[in-house]
Amino acid sequence: MSTIWNWKFAWHIVPSLLEAARVTIEATIIGFFIAAILGLALALMRRSRRRWVSIPVAGFVEAVRSTPLLVQIYFLFFVLPNFGILLPAIVAGVLGLGLHYSTYCSEVYRAGLDGVPRGQWEAATSLNLSRYRIYRDIIIPQAIPPVVPALGNYLVGIVKDTPLLSAIAVVEIMQEGKIIGSETFRYIEPITLVGVFFLIVSLIAMVAIRRVEAWLRRKVMG
């Protein structure tokens, strides 16, 4: 086994991989934040009574969901400069992740909003509350807890899709592993360590989501 796996080499490359892992983690956190916030906004706009709002939003959501994430990242980084919008690679990559997953999150939110009993809407309307207050104080607090597990799945999905950022020269952990492999002609250690990293981060994300879900359930019941 020692002729295949070199522990000395593995420990030697750990600092480089951890530095690149920071980029992966930052891209994941910021991308998910964009997806979660924008996804809720898209869901609310798609439920708007104004068709000039709901129809374009629905078209945007379906267009983004129907095209590959890699194509969208390429569009942001290579096509937008033709219109005078020049984004740094990491910004284009994170924005691509956030926009792409926001459309999936919007469908999750929409299902949660549709799941709120109609009686809640009628009771809030009878109290003459504004539509903003109905959403803020009554509907959204009831709609979010049930959809947290689905949002957690998309968080893990973002983690696993960060290697796509290497297509626009963002050196995240997978790209760093490939660089180390191409320079040393040893791939087993860097690629294995990268795989372990993604496994650990995904497990941590799932545990965190379950804790948030449990906390929200206790808060609602309390």
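The values are calculated or read from the model by the stated rules, or taken from the named source; none is laboratory data. The structure displayed is predicted, hence computed values, not measured ones. All Cβ positions, glycine included, derive from the backbone under ideal geometry; neighbour counts span all protein chains shown.
Of the residues making up segment 65-84, those that are closer than 26 Å to residue 106 by Cα and either without any contact (Cβ under 8 Å) to a residue 60 or more places away in the chain or aliphatic (A, V, I, L, M) (or both) number 13.
Per-residue answers, yes or no, for (1) of a type outside the set (Phe, Trp, Tyr); (2) in contact with a Ser or Thr (Cβ under 6 Å, 6 or more places away or on another chain); (3) farther than 27 Å from residue 26 by Cα:
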residue	(1), (2), (3)
135	no, no, yes
154	no, no, no
165	yes, no, no
169	yes, no, no
173	yes, yes, no
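Listed by first and then second residue, the pairs with beta-carbon distance under 9 Å, at least 6 apart or on different chains, first residue in segment 159-180 and β-branched (Val, Ile, Thr), second assigned to a loop (DSSP other than H, G, I, E, B), are 162/170; 162/172; 179/171; 180/186; 180/187.
Within the bounds of segment 169-185, is there any residue that is within 30 Å of residue 116 (Cβ to Cβ), of a type in the set (S, T, N, Q) and within 20 Å of the chain's Cα centre (by Cα)? Let's see the steps before the verdict.
Going residue by residue through segment 169-185, those that are within 30 Å of residue 116 (Cβ to Cβ) are none.
No: segment 169-185 contains no residue that is within 30 Å of residue 116 (Cβ to Cβ), of a type in the set (S, T, N, Q) and within 20 Å of the chain's Cα centre (by Cα).
If you go through segment 85-98 and pick out every residue that is surrounded by fewer than 21 Cβ atoms within 10 Å (Cβ to Cβ) and in contact (Cβ under 8 Å) with a residue 24 or more places away in the chain, you end up with 3.
Consider residue 202 carefully, then state whether it is modelled with pLDDT under 95 and over 14 Å from the mean Cα position of the chain (by Cα). Steps first, answer last, please.
Working: modelled with pLDDT under 95: yes; over 14 Å from the mean Cα position of the chain (by Cα): no.
Answer is no for this residue.
Residues that are closer than 25 Å to residue 150 by Cβ and of a type in the set (S, T, N, Q) were ranked within segment 103-134; the one that is farthest from the chain's Cα centre (by Cα) is 120. Criterion applied to 189, 183, 213 was being in contact (Cβ under 8 Å) with a residue 60 or more places away in the chain, assigned to a helix (DSSP H, G or I), of a type in the set (Asp, Glu) and closer than 16 Å to residue 17 by Cα, and the one residue passing it is 189.
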